[in-house]
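The values are calculated or read from the model by the stated rules, or taken from the named source; none is laboratory data. Because the structure is predicted, anything quoted here is derived from the model rather than measured. So basically every Cβ, Gly included, is an ideal-geometry build from the backbone, and we count neighbours across all protein chains shown. We work out accessible area using only protein heavy atoms, side chains counted, and drop any ligands, DNA or RNA first. Shrake-Rupley method; radii C 1.70, N 1.55, O 1.52, S 1.80 Å.
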Amino acid sequence: MAYTLTIKDETFPGKVLHQMELALQNELVTVKDIIEARVTKEVEEYNQKLPQYFSGLVQPTDTELTINGYKLKERKKIDPEKQVFVALNAFQNNGYFVLVDNKQAESLEEEVLLTGNTTVSFLKLTPLVGG
């Protein structure tokens, strides 16, 4: 049986920037499992179409950040394993926060029991410009 999880990218005031559904095979998963599944799905969807922009959790190498997402210098497939590694590393270095039903996840190994309405929000930190 697959469990459906709602994933949201949000700003700190709570504005939803992007939302997707993610199917997971187990009822009990870790935060690491959720991040891996999310990033893998994003990369697989990108690799199927190879559009000009990649819109995902973490920035692939050889890209520039634009208003439309990450623009690749040349259209090519993105390595999902590399993106997962970057995403997990970013979580551990506070590059973004993960909220499970509005409670901050503290570690990659934290367990999440999926219910019919479990929501996971990703909040990216934006560096301040200036002094």
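One residue stands out among those in the stretch 9-33 that are under 16 Å from the mean Cα position of the chain (by Cα) and modelled with pLDDT of 95 or more: the one that is farthest from F97 (Cα to Cα), which is V29. Checked against the criterion of being closer than 15 Å to T119 by Cα, touching a helix residue (DSSP H, G or I) at 6+ places or on another chain (Cβ under 9 Å) and of a type outside the set (K, R), the stretch 66-78 contains not a single residue that satisfies it.
Restricting attention to strands (runs of 3 or more DSSP E) lying wholly within the stretch 39-102, give those where 2 or more residues are buried (at least 17 other Cβ atoms within 10 Å of the Cβ) and not acidic (D, E). Write out each step before concluding.
On the way: elements: 63-66, 69-72, 96-100.
Counting at least 2 such residues, we get 69-72, 96-100.
For the stretch 44-57, does any single residue satisfy the condition of being touching a residue at least 12 places away in the same chain (Cβ under 8 Å), in contact with a strand residue (DSSP E or B) (Cβ under 7 Å, 6 or more places away or on another chain) and of a type in the set (D, E, K, R)? So far as the stretch 44-57 goes, no, none of its residues is touching a residue at least 12 places away in the same chain (Cβ under 8 Å), in contact with a strand residue (DSSP E or B) (Cβ under 7 Å, 6 or more places away or on another chain) and of a type in the set (D, E, K, R). Does E44 meet the test of being at pLDDT 95 or above and within 16 Å of the chain's Cα centre (by Cα)? So E44 passes the test. As a summary of the residue check, L113 satisfies the conditions (1) farther than 21 Å from L125 by Cα; (2) crowded, with 17+ Cβ neighbours inside 10 Å; (3) hydrophobic (A, V, I, L, M, F, W, C) except for the one numbered (2). For the stretch 1-37, filtering for residues that are open to solvent by less than 90 Å² (accessible area, probe 1.4 Å) and assigned to a loop (DSSP other than H, G, I, E, B) leaves 4. For the stretch 102-116, a tally of residues being modelled with pLDDT under 95 and within 19 Å of H18 (Cβ to Cβ) returns 1. Reported count of residues in the stretch 50-73, each being of a type in the set (V, I, T) and over 21 Å from N89 (Cβ atoms), is 2.
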